[in-house]
Amino acid sequence: RRLNEQEACRVFDALGVPAAKSAVITSPEQAVALDFPVVAKILSPDIPHKTDAGGVAIGIATPEELRRAAAAILQRVRAGHPQARLNGVLVQRMEKGLAEIILGYRRDPQVGPVVVLGVGGVLAEIYRDIAVRLAPVTAEEASRMIEQVKGLAVIRGYRGMPRGDTAALARAVAAFSQLAHLEPRVAEAEINPLIVKAEGQGVVAVDGLLVLADH
């Protein structure tokens, strides 16, 4: 029922939410055609919380560092999660931006498909600063969601801070909300984080999950 991260991001990319450039290796010795620095993450549909499982390494600067990091990730995860299906190691170009967003979708049993927008990263579960709408939404409605989330003042030019690409974010929220048209096949989905770059530079998803319904 749960897709791995690469599969989930392919779905989001097809909808119109761009994902960070990546490659999958199945052994530490494999080379990747990506610019360094990169991030390495365990690729498994059975391990949604990769950091907690010891399955993430960031700031990898060279191919040799990548080889060591991938070997260590596979060793830790196999030891801690012997029953998990492992699809390899996802190597992803490191992305930087002005803010990290959490973008979620779920099929609520009472009201139907909903899309959720909030401050992402490790702060998502602490502040619960979110906007919720019935899905799908238009880019105009997505812009109102962005205005509603207090923590996103950092990309709205608050006190002279650099403006983020809120137009690209609104388009991404609207595109992501189109998962509602796949209902009831999709039970829930999440991008955390979706990185918002400077105005005119777009957004990019660097982690994602997608869970299919039982039926």
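General remarks:
- Members of the stretch 23-52 that are in a loop (DSSP other than H, G, I, E, B), closer than 20 Å to Asn4 by Cα and not polar (S, T, N, Q): Pro28, Val32, Pro45, Asp46, Ile47, Pro48, His49, Lys50, Asp52
- Check on Glu65, open to solvent by less than 80 Å² (accessible area, probe 1.4 Å), outside any strand (DSSP E or B), modelled with pLDDT of 95 or more and among the acidic types (Asp, Glu): yes
- Test: residue in the stretch 115-128 that is buried (at least 18 other Cβ atoms within 10 Å of the Cβ) and in a loop (DSSP other than H, G, I, E, B): yes
- Residue, modelled with the lowest pLDDT, within the stretch 134-190, restricted to residues that are open to solvent by 80 Å² or more (accessible area, probe 1.4 Å), of a type outside the set (A, V, I, L, M, F, W, C) and outside any helix (DSSP H, G or I): Arg185
- Among the residues of the stretch 1-33, those identified as farther than 20 Å from Ser177 by Cα and touching a helix residue (DSSP H, G or I) at 6+ places or on another chain (Cβ under 9 Å) are Ser22, Val24, Ile25, Ser27, Pro28, Glu29, Gln30, Ala31, Val32.
- Within the stretch 21-62, the set of residues being among the basic types (Lys, Arg) and exposed (fewer than 15 other Cβ atoms within 10 Å of the Cβ) is empty.
- Test result for Gln110, modelled with pLDDT under 95 and in a loop (DSSP other than H, G, I, E, B): yes
- Within the stretch 191-200, being at pLDDT 95 or above and assigned to a strand (DSSP E or B) holds for Ile191, Leu194, Ile195, Val196, Ala198.
The values are calculated or read from the model by the stated rules, or taken from the named source; none is laboratory data. Predicted model, so just to flag it, every value in this text is computed and none were measured. Because the Cβ atoms are built from the backbone with ideal geometry, glycine has one as well, and the counts that use them run over all protein chains shown. The protein model used for the area step is the full one, side chains on, heavy atoms only, and it has no ligands, DNA or RNA in it. Shrake-Rupley method; radii C 1.70, N 1.55, O 1.52, S 1.80 Å.
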